[in-house]
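This report concerns only the one structure given below.
Every number in this text was worked out from the coordinates using simple rules, so none of it is lab data. Predicted model only: the values in this text are computed from it and were never measured. Cβ atoms come from the backbone with ideal geometry, glycine included; neighbour counts cover every protein chain shown.
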Amino acid sequence: MIQLKGIGDYTASAISSFCFDEPRAVVDGNVYRVLSRIFGIDTPIDSTQGKKEFKALAEELLPQKHAAEFNQAIMEFGATACTPKKPLCATCPFVQECHAFRHNQVHALPVKAKKTQVQDVHLNYLVHAKNGAITLEHRSNEGIWKNLYQFPCVISDKALSEKRLSGNKEYQALVKAKNPPELMEAVLHKLSHRNLHIRFFKVEGTFNGKHQFEKVALNDLSEYPVPIVIARFLEKHF
Ligand code: SF4
């Protein structure tokens, strides 16, 4: 069966176990998680060594009779009780034996070799302050910082110098500038899957009327929730 094109070990094992009740261990994501936690195995589950190791252990545990029920049960247990984020350890029948539970490693197992790719994002904030008021924009779009306020922003694929920002089309569409932008501060803000390279530029001029920006009195800023990185900037400069 496994010699057929497109049929990997998981599918072959599942077919022979569920359709023909052959004693073949089926190892899916749920099974990797349950076994790695109960037995405390930290070999990466996405490595060749890990696949071999977990398969061998699952085969060893498999009863000769009722293999299909066993496979089904362990998968079900992983999907409903030993879940990735909130496993039901308090009511788990394996709690006494479970290595991960006893060693406080429940959330550290299973291990994956390939880490989530961290994406670099460049945010160029336009800081426009005049007559005791500052220009802010409401973030109504989905994603991080939804419903918070921020400075009008130009997103770029690399860091922008003052000169490059001046020549940036998005910037030109946003601002009718009186003077070139002036870099005030650059910070790196790290999130779990994104590195935000943030530059704050002082701008002088007027914003294009099409955009829904608000002029907020500096005295009223506390009523406008902003991301922590902007709160720190405001505290330092205003
Ligand atoms: S004690 Fe928690 S981590 Fe261990 S097998 Fe049970 S549910 Fe999973």
Among the Cα-Cα pairs of segment 119-237, the proportion with separation greater than 22 Å, in percent, is 30
Name the residues of segment 128-148 whose amide N is less than 18 Å from a point 7 angstrom out from the Cα of Ser222 along the C-beta direction?
133-134
At a Cα cut-off below 18 Å, give the aspartates and glutamates reachable from Lys130, other chains included and same-chain residues fewer than 8 away excluded.
Glu182, Glu204, Glu214, Asp220, Glu235
Counting DSSP beta bridges in the chain, what percent are antiparallel, to the nearest 5?
75
Test item: Cα-centred dipole of segment 73-223, Lys/Arg +1 and Asp/Glu -1 on Cβ, debye:
360
With 0.36 nm assigned to each residue of separation and the Cα-Cα distance removed, Asn141 to Lys115 gains 6.6 nm
Cβ-derived FRET efficiency at R0 35 Å, Ala79 paired with Ile155, nearest 0.05:
0.35
Extension gain, Arg232 back to His193 (0.36 nm per residue minus Cα-Cα distance, nm):
11.9 nm
Any chance you could check the Cα centroid distance between segment 201-238 and segment 43-112 for me, in angstrom?
50
Can you tell me the orientation of helix 9-18 relative to the chain, as the angle in degrees between its alpha-carbon axis and the longest Cα principal axis, to the nearest 10?
50
Too-long pairs where the Cα-Cα distance tops 29 Å, listed order kept, from Lys65/Lys112; Lys51/Lys158; Lys178/Lys215; Lys114/Lys169; Lys85/Lys236:
Lys65/Lys112; Lys51/Lys158; Lys114/Lys169; Lys85/Lys236
Cα-based helix-to-principal-axis angle, 67-80 vs the chain, degrees rounded to 10:
20
Counting only DSSP beta bridges with both residues in segment 119-237, what percent are antiparallel, rounded to the nearest 5?
75
Over the chain, with a Gaussian network built from C-alpha contacts below 10 Å, which listed residue (Lys146, Lys55, Lys202) shows the highest mean-square fluctuation?
Lys146
Could you pull out every one of the aspartates and glutamates with an alpha carbon less than 18 Å from that of Lys115, ignoring same-chain neighbours closer than 8 positions?
Asp42, Asp46
Once Lys and Arg get +1 and Asp and Glu get -1 on their Cβ, which of Cys153, Gly167, His122 lies farthest toward the positive end of the dipole of the chain?
Gly167
Positive end of the dipole of segment 9-108, charges at C-beta (+1 Lys, Arg; -1 Asp, Glu), about the Cα centre: which of Phe39, Gly29, Leu88 has its Cα farthest in that direction?
Leu88
Can you give me the three principal axis dimensions of the chain from its C-alpha atoms, in Å, biggest first?
81, 43, 27
How far, in degrees from 0 to 90, does helix 48-61 lean away from the longest principal axis of the Cα atoms of the chain, to the nearest 10?
40
